[in-house]
Amino acid sequence: MEGLLERTVSFAYDYKVMCRSCTGTSPLASSDYYQEINEAHIDCAHCGGDIHFGPAVFTLRDAEDPALDDRWLGSAAWYHTSTDGEWPNGTRTMPTEPDSPIARLLSPAGLQRARERYETQALHLGTYEAAIESMLRRMRNQADGGSQFYLYRVRLRDGLNVEAGWRDENHAEAAQITHRALGDVDAIRYLNVHESPGSISLAVRRGAIEATQRVALPLTAPGQSALAVRADVASLRARVEHMEIHRPATLDQVDQLRAETARRRGTAFTRSPSPEQYALLEKIDEVLEDACLPDASRPVKSAFTGALKAWRRAQHPDVDDAAYVQRFAALAATLQDPDATFRALSSQPIQELRPCQP
Ligand SMILES: [Zn+2]
């Protein structure tokens, strides 16, 4: 798909937050956001009022975001991640067998409404960063830690009818919008406050998509940096295990209770790490993040590590540190070296979509 406009990818962005008193916007450093400085409060740069920061007050990072221009929007590459290798062609059906968890929760009428809503939702496209962060969130929060993900690059059809301006996901229907609610337009812009917060995402009809290219993630085996960091991780792990051997045999109160519960249930009991061991385990995360994601912000690093830990928990049988480091480094390359991903996408066949669907 030649000629699509690409933006410069960065996972090191800071945020903008809006003041409820004067509606002015103030910058918020990603590190301050991560540390929730001053119990998540900053002073408004305009009126000095108090801003309690979080997703509810995130606003556009770039007031001149090129996606606000319809022509640019239509000529740009848009991204989406999915566990569906046939997206957006796969039929989207909600599991509604009588014994499915959702069917047990809802009345038959409620189930029907939920199903219609689920199956007619608009498709979501975003920046490269938003698509990757959406995958990380699903890995962490939606039991997709072990799932195969695909990254799609999307070309939109010419001459789309795009809603003017942008919706704030906090206050207007956007993320859950259905095809019907799109009305006469093919696409709406909305402020994404969860993935790459402060960027513009799109909700589109399926028919707005002209073509896609797809790669499976992660792309490649890791390079030398992964080998170097593997030795650092191994040495930290050895220190944790050495401490374990020399720990006093007496369990603390919490672990006594946990051991008792495990005995009653007949499950395995693993002792909680001591504070000293815990500090070393955190150091393992830090060493990996600094080696594989040197340019990403603290919130992105943390989201990435959370996602990779979900991947590790989903592996059966358990994987060792070497396999974990390999996976960490391979997926981190998607964030650290987006140009390699762009090249891989460009080498893939172009899937043209038939224009007749809704
Ligand atoms: Zn203000």
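Derivation of every value follows stated rules applied to the coordinates shown; laboratory data play no part. Given the structure is predicted, the values throughout are model-derived calculations rather than measurements. Quick reminder, even Gly has a Cβ in these numbers, built from the backbone with ideal geometry, and neighbours come from all protein chains shown.
Can you tell me, using C-alpha contacts under 8 Å and at least 6 residues apart, the relative contact order of the chain as a whole percent?
Values: 554 pairs, mean separation 73.9, N = 358.
Over the chain, the number comes to 21 percent.
How many angstrom lie between the Cα centre of segment 103-175 and the Cα centre of segment 6-44?
What the calculation gives is 24 Å, centre to centre.
With charges only on Cβ, +1 for K and R and -1 for D and E, what is the dipole size of the chain about its Cα centre, in debye, rounded to 20?
Values: 40 positive and 50 negative charges, 244 e Å.
About 1160 debye.
Just going by the charge dipole of the chain, with Lys and Arg at +1 and Asp and Glu at -1 on Cβ, which of HIS52, SER274, ALA164 is farthest out on the positive end?
My answer, from the dipole projection, is SER274.
Given springs between every Cα pair under 10 Å in a Gaussian network model of the chain, which of HIS41, HIS316, HIS52 has the largest fluctuation?
Result for the chain, Cα springs under 10 Å: HIS316 fluctuates most.
For a quick check: with amide H placed at 1.01 Å from N, whose amide H comes under 5 Å from THR178's, ignoring anything fewer than 5 positions away on the same chain?
Long-range HN contacts for THR178: ALA122.
Please state the charge dipole magnitude for segment 117-199, taken about the Cα centre, from unit charges on C-beta atoms (+1 on K and R, -1 on D and E), reported in debye and rounded to the nearest 20. Intermediate results must be reported in sequence, preceding the final value.
Values: 10 positive and 12 negative charges, 46 e Å.
Computed about the Cα centre, the dipole is about 220 debye.
Given a Förster distance of 22 angstrom, what is the FRET efficiency for ALA164 paired with TRP72, based on the Cβ-Cβ distance and rounded to 0.05?
0.90
Tabulate in residue order the Karplus-calculated ³J(HN,Hα) for segment 329-340, using 6.51 cos²θ - 1.76 cosθ + 1.60 with θ = phi - 60°, rounded to whole Hz; enter x for Gly and Pro.
Those phi angles translate into 5, 5, 6, 4, 4, 4, 8, 7, 9, x, 4, 5 Hz.
May I ask you to order 166-175, 233-242, 259-268 by the average number of other C-beta atoms within 10 Å around their residues, highest value first?
Working: 166-175: 16.0, 233-242: 14.3, 259-268: 9.8.
My ranking of the peptides, most packed first, is 166-175, 233-242, 259-268.
Name the residue, out of LEU111, LEU281, LEU191, whose mean-square fluctuation peaks in a Gaussian network model built on the chain with Cα pairs under 10 Å.
Highest fluctuation of the listed residues: LEU111.
Could you tell me which residue out of VAL233, CYS292, LEU308 lies farthest along the dipole of segment 224-335 toward its positive end? Charges go on the beta carbon: Lys and Arg +1, Asp and Glu -1, centred on the Cα centre.
After comparing all options, I get LEU308.
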